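Here's the structure, in structure tokens; my notes come after.
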Amino acid sequence: MKKVVLIAGDGIGTEITASVKKILETAGAPIEWIEREAGLGAYEKYDNPLPDETVAAIEEHKVALKGPLTTPVGTGFRSINVALRQKFNLYSNIRPAITLPNVDTTFKEVDMVIFRENTQGLYIGKEHWVDGDDKSHAESIAVVTREASRKIITSAFKYALQNNKKKVTLVHKANILKLTSGLFLEVGREVAKEFPDVEFEDLIVDNMAMQMVMRPQQFDVVVTTNLFGDILSDLASGLVGGLGVTGSANIGDDVAMFEAVHGSAPDIAGQNKANPIALLFSSLLMLEYLDEKPIAENIRKAIYKTLVENKDACTLDIGGKGTTDSFTEAVCSNL
């Protein structure tokens, strides 16, 4: 059995984690769950949205599956998710976006994976007021290092090789941000030479956004910096049905965390309406990380079979008539 820290999170978190647990158990996944708390619920209970025992459990067991978290307002915590990524140096944020059967979208045959550098760039929030109390002039600092760039870009190329992807596209703004984005592009060109069997291209981020909504099928693996990756990965999710149907992984050298990136949806919490697909796909990324790929593939086939043959069992947000429970039961039946 492989021990995995499970953080249900807030809002719909308890419902979708219960669904994922049942499906993985039915599939025979050799997982022992170590349940811990984080988010608004943890803050209300312990006066800390990221309790020490949760951090300690992740340090010990190295793998975590996390539901959506609500960051308490006015507590001094900018983002629990960012804190976890920085604490464990989870430098690779991996977001697949794949067209699903029988999910209504404009775009067909999308199959791309976005690799986002997770610890640097503009997104880390290094900001300050230039004029002190006047607060009329603010500056933000973007950090890009050769080491971190090499790690994420190398991860993208290795993924391409291991998953029979033909091309890696590096996204940047080196025409304007000549030092930070320029360094990222420079390292990308260096790494590309080490993987001659994988095609390499680079695109300026504004052109990339346009190309993604014109011909998203042209992209296989995309690698970019933190802020650009944050935006483009949500765009990619939108191409295939939204954040409710796409999984996410955060991987470092020693620790990995898998999560649903959608919100905690408190407005539907406890109503059996939540769609567990995003967290379920995140758990499949986790199973692949744990060298349980056959089990992950079996679950994926069961999900696809449910979407095709029993759409009414699916939740309302993807055009079904069902509930969290009915979707879970349908996938388990297909397994």
Next item on the list: Could you list, in sequence order, all residues of the range 3-28 that are in a loop (DSSP other than H, G, I, E, B) and in contact with a Ser or Thr (Cβ under 7 Å, 6 or more places away or on another chain)?
Entry: Ala8, Gly9, Asp10, Gly11, Ile12
Note to self: Out of the residues in the range 1-36 meeting the condition of being on the phi > 0 side of the Ramachandran plot and buried (at least 17 other Cβ atoms within 10 Å of the Cβ), tell me which one is modelled with the highest pLDDT.
What the structure shows: Gly11
Note to self: List the helices (runs of 4 or more DSSP H) inside the range 29-144, counting only whole elements, that have at least 3 residues being under 19 Å from the mean Cα position of the chain (by Cα).
What the structure shows: 80-87
Notebook entry, point to check: Which ones in the range 241-298 are of a type in the set (Gly, Ala, Ser) and in a strand (DSSP E or B)?
Noted result: Ala249, Ala256
Item checked: Selection from the range 152-172 of residues that are crowded, with 19+ Cβ neighbours inside 10 Å and among the charged types (D, E, K, R) -> Lys165
Notebook entry, point to check: Before we move on, is Ala269 buried (at least 21 other Cβ atoms within 10 Å of the Cβ), among the small types (Gly, Ala, Ser) and assigned by TED's automatic domain parsing to the domain that holds Ile34?
Noted result: no
Check: Looking at the range 221-229, is at least one residue assigned by TED's automatic domain parsing to the domain that holds Leu279, over 10 Å from the mean Cα position of the chain (by Cα) and assigned to a strand (DSSP E or B)?
Finding: no
Note to self: If the requirement is being in contact with a Ser or Thr (Cβ under 7 Å, 6 or more places away or on another chain), surrounded by 23 or more Cβ atoms within 10 Å (Cβ to Cβ) and more than 24 Å from Ile31 (Cβ to Cβ), which of these qualifies: Gly241, Gly247?
What the structure shows: Gly241
Notebook entry, point to check: What residue, of Ala142, Ala192, Ala209, is modelled with pLDDT under 95 and surrounded by fewer than 21 Cβ atoms within 10 Å (Cβ to Cβ)?
Noted result: Ala142
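The values are calculated or read from the model by the stated rules, or taken from the named source; none is laboratory data. Please read these numbers as outputs of a predicted model, since none were measured by experiment. Glycine also receives a Cβ, built like all others from the backbone with ideal geometry; neighbour counts cover every protein chain displayed.
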